[in-house]
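Working notes for the structure below.
The values are calculated or read from the model by the stated rules, or taken from the named source; none is laboratory data. Note that the structure is a prediction, hence the values are computed from the model and not measured. Cβ placement follows ideal geometry from the backbone for every residue including glycine, while neighbour counts extend to all protein chains displayed. Areas reflect the complete protein model, heavy atoms only, side chains present, ligands, DNA and RNA absent. Shrake-Rupley method; radii C 1.70, N 1.55, O 1.52, S 1.80 Å.
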Number of protein chains: 2
Amino acid sequence: MQCGLSPIVGFRFSLHPMTNDFISVIKGVLQETDTSNVWMHTDDVSTVIRGKQVHVFNVAKALTLHAAKTGVHVALSGTFSAGCPGDSAGDAYLDKGDEVANNDLTKQYVSSQFALYPMNNPNYMDVIYREVDRAKERGVFNESMHYASGIHGDIHDVFAFYEETFTRARPEEHKHLVMTVSMSINSPSHGGL
Amino acid sequence: MQCGLSPIVGFRFSLHPMTNDFISVIKGVLQETDTSNVWMHTDDVSTVIRGKQVHVFNVAKALTLHAAKTGVHVALSGTFSAGCPGDSAGDAYLDKGDEVANNDLTKQYVSSQFALYPMNNPNYMDVIYREVDRAKERGVFNESMHYASGIHGDIHDVFAFYEETFTRARPEEHKHLVMTVSMSINSPSHGGL
């Protein structure tokens, strides 16, 4: 039960291209993204990547950006997780350096929603309110809603906010943190910035 | 901060039909499902329904089943939530009776994954392990994996398990419970039962 001390960060997600050609979109995304810095496994419902936090967020963003660039309406749903006492130690490439493998800075508007679940932390509501306030300061806050908060803007700003939040909401004394993210791209429903 | 005592259950979700005609599939699903027992709001990323637990689960299942019956590959991602201290009291039809509005019993194989997050509960890992064991007893357990557990079978058995779990993992002394569910239907990747 010491895995709460592990630096392994994981992201279990599904990327949904709303097109008849969803299989070729997914295959193309996997070809164009450098996933060599994370452990990855896909099953019939979702994909999980594990490794150092910097690489997990870099790969998550790169996969999403490549899918977005097809122009197809794409949705990303997933859960970032770290420090679970039930987690196993393996399946993570912790010996990788800190240099990220994907550096495409193409701008892309994304509309998303997130929720933070700091586990076994009596002050968890304070953590949540603080991070929502920080989204407002960073200019990526969209709107309040039941069970989540709307975060939007350029994909690089949005992922930078999420990665920073994932660090800040995970202090040494409460290491088990879960963060759900839903993202919509190229949607006919977006109001935009 | 007394909302932990509220009987309001919510489900924020996205239903993703992997087809060029995703808009008409979604519109058809909304026409065919009786949502009158829940409060519902849709934005550019997701939809939220709120109300009595029995109706929230009934509507969630009915929406998914109607989407499945189109034969299109469909994915459902969402978060069930109850008892959040930050929740507001409104936007829920708690005066509705207990009779469910959707009764289509068509069989449909679904493959799904779920994770339980009992908030502010020092024994939360015990709650999670107990519910995974119960999935095995009920015959809907598929496989273990990082950050989630695989649950599959007929859609009615799977949703019955999820609703029961959502009740059992939410005792009076720890009312804030979150449960994420990802579901895949009509996928070319399913191995089946």
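Each copy carries B:Glu32; placing its label point 7 Å along the C-beta direction from Cα gives inter-copy distances of 3.4 nm, listed from smallest up. Take B:Glu173, move 7 Å from Cα toward the beta carbon, and the resulting point lies 2.2 nm from the same point in each other copy, nearest first. Of the residues making up the stretch A:106-152, those losing 50 Å² or more of accessible area when the isolated chain is joined by the remaining protein chains, with a 1.4 Å probe, are A:Gln113, A:Tyr117, A:Met119, A:Asn120, A:Tyr124, A:Met125, A:His146, A:Tyr147. Rounded to the nearest 100, the interface formed by chains A and B buries 4300 square angstrom of accessible surface, both chains summed, with a 1.4 Å probe. Summing charges over all other residues whose Cβ lies under 13 Å from the Cβ of B:Ala82, with Lys and Arg as +1 and Asp and Glu as -1, gives +3.
Partner lysines whose Cα lies under 24 Å from the Cα of A:Lys175, excluding those fewer than 8 positions away in the same chain, are identified as A:Lys52, A:Lys61, A:Lys96, B:Lys175. Using a Debye calculation, one point per C-alpha and no hydration shell, please list log10 I(q)/I(0) for chain B at q = 0.09, 0.12, 0.15, 0.16 Å⁻¹ in order. Log10 I(q)/I(0), no solvent term: -0.32, -0.57, -0.91, -1.04.
Sorted from shortest to longest, the distances between the A:Ser88 label points of this copy and the other copies are 4.5 nm, with each point 7 Å from Cα along the line through the beta carbon.
Averaged over the residues of peptide A:17-27, the number of Cβ atoms from other protein chains lying within 10 Å of each residue's Cβ is 4. Pairs of Cα atoms in the stretch A:34-126 fall into 5 Å distance bins, from 0 up to the last occupied one, in shares of 2, 10, 19, 20, 21, 15, 9, 4, 0 percent. Grouping the Cα pair distances of the protein assembly as shown into 20 Å bins from zero gives a pair-distance distribution of 29, 63, 7 percent in increasing distance order.
Which residues does the label zone of B:Asn20 cover in the stretch A:56-71, counting backbone N under 17 Å from a point 7 Å along Cα→Cβ? Under cut-off, by backbone N: A:70-71. Here the alpha carbons of the stretch A:73-131 define both size measures, Rg and Dmax, at 16.2, 41 Å. Extension gain for the segment A:Ser6 to A:Arg168, taken as residue separation times 0.36 nm less the Cα-Cα distance, is 56.7 nm to one decimal.
What is the distance in Å between the Cα centroid of the stretch B:141-193 and that of the stretch A:139-167? Cα centroid to Cα centroid, the span is 27 Å. Close amide H pairs (under 5 Å, H built 1.01 Å from N) link A:Tyr117 with A:Val178, A:Met179, A:Thr180, residues at least 5 positions away or on another chain.
Our estimate of slack between A:His156 and A:Ala89, defined as 0.36 nm per intervening residue step minus the Cα-Cα distance, is 21.1 nm.
Computed with the Debye formula from one identical point scatterer per Cα of the stretch A:5-69, without solvent, the log10 of I(q)/I(0) at q = 0.12, 0.16, 0.24 Å⁻¹ comes to -0.29, -0.51, -1.06.
The length gained by stretching the chain between A:Leu105 and A:Ser36 to full extension, at 0.36 nm per residue less their Cα-Cα distance, is 22.9 nm.
A cut-off under 15 angstrom between Cβ atoms defines the neighbours of A:Lys69, and their net charge, with Lys, Arg +1 and Asp, Glu -1, is -1.
The phi-based Karplus calculation (6.51 cos²θ - 1.76 cosθ + 1.60; θ = phi - 60°) puts the 3J(HN,Hα) values of the stretch A:149-158 at 10, x, 10, 8, x, 5, 3, 6, 5, 5 Hz, whole numbers, x for Gly and Pro.
Qualifying GluC sites (Glu not before Pro) in the stretch A:151-193, where qualification requires a DSSP coil assignment and no more than 12 other C-beta atoms within 10 Å, comprise A:Glu172, A:Glu173.
Annotation: average projected area of the stretch A:36-77 is 3.3 square nanometres, based on the convex hull of Cα atoms across all directions. For the peptides A:17-27, B:175-185, the ranking by packing is B:175-185, A:17-27, with the highest mean count of neighbouring Cβ atoms within 10 Å listed first. Global size of the stretch A:97-193: 14.2, 43 Å for Rg and Dmax (C-alpha atoms, Rg to one decimal, Dmax whole).
Inter-chain neighbour count for A:175-186: the average number of beta-carbon atoms from partner chains within 10 Å of each residue's beta-carbon is 3.
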